[in-house]
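Novice: For reference, the structure I am asking about is given below.
The values are calculated or read from the model by the stated rules, or taken from the named source; none is laboratory data. Keep in mind it's a predicted model, so treat the numbers as computed, not measured. A quick note on method: Cβ atoms are made from the backbone with ideal geometry, for glycine too, and the neighbour counts reach across all protein chains shown. Each accessible area value is taken on the protein alone, full model and side chains, heavy atoms only, with ligands, DNA and RNA left out. Shrake-Rupley method; radii C 1.70, N 1.55, O 1.52, S 1.80 Å.
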Amino acid sequence: MSSNTNSNEPSKLTGQFHSAKGTVVEAIGNTTGATSWTQSGQQEHAAGEAEVKAAQAKGYVEGTSDRIEGKYDSVVGAVTGDKTQQASGNAQHDKGVAQQEVNKNFS
């Protein structure tokens, strides 16, 4: 799994954190009757869920790209007799399939 070094990129981990934090803040607001906390918690929860979905969509697209590039390299390797390129392409393709599988439920 790649690390997320760009803070502007969506992150599943960050999204899950904000979703959970928002749920806790909302619960505190509901318990204490503080509507501002309830609303703030709902907003943070929704923003966290949206970030998770965005990170999943991004991961799915990256997986698609890896599948296509890997298939291309595999075919070129097979045609030219370059077994190393073919194996590398197969590995990249399989990585893309796995990445798509992990991120397929983003809708």
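Residues checked against (1) open to solvent by 60 Å² or more (accessible area, probe 1.4 Å); (2) within 21 Å of Glu9 (Cβ to Cβ); (3) within 26 Å of the chain's Cα centre (by Cα):
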position: Ser65; (1), (2), (3): no, yes, yes
position: Gln85; (1), (2), (3): no, no, no
position: Gly89; (1), (2), (3): no, no, yes
position: Asp94; (1), (2), (3): yes, no, yes
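Novice: Starting from residues that are among the charged types (D, E, K, R) and closer than 18 Å to Leu13 by Cα, keep the ones in the range 24-63 and report whichever is nearest to the chain's Cα centre (by Cα).
Specialist: Per the stated criteria, the residue is Lys58.
Novice: Only residues that are in contact (Cβ under 8 Å) with a residue 24 or more places away in the chain and polar (S, T, N, Q): list them for the range 72-103, please.
Specialist: The answer is Gln92, Gln99, Gln100, Asn103.
Novice: Being touching a Phe, Trp or Tyr at 6+ places or on another chain (Cβ under 6 Å) and in a helix (DSSP H, G or I) narrows it down to one of Ala57, Ala47, so name that one.
Specialist: Within the list Ala57, Ala47, the selection yields Ala57.
Novice: Still on this structure, I have one more. Let me confirm something: among Thr23, Thr14, Thr31, Thr38, which residue is out of contact with any strand residue (DSSP E or B) (no Cβ under 8 Å at 6 or more places or on another chain) and exposed (fewer than 14 other Cβ atoms within 10 Å of the Cβ)?
Specialist: Exactly one residue qualifies, and that residue is Thr31.
Novice: Something else: How many residues are under 24 Å from Ala54 (Cβ atoms) and assigned to a helix (DSSP H, G or I) if we restrict to the range 93-107?
Specialist: Here the count works out to 8.
Novice: Could I ask something else about it? Against the definition (out of contact with any His (no Cβ under 8 Å at 6 or more places or on another chain) and of a type in the set (Ser, Thr, Tyr)), how does Ser65 come out, yes or no?
Specialist: It is true that Ser65 is out of contact with any His (no Cβ under 8 Å at 6 or more places or on another chain) and of a type in the set (Ser, Thr, Tyr).
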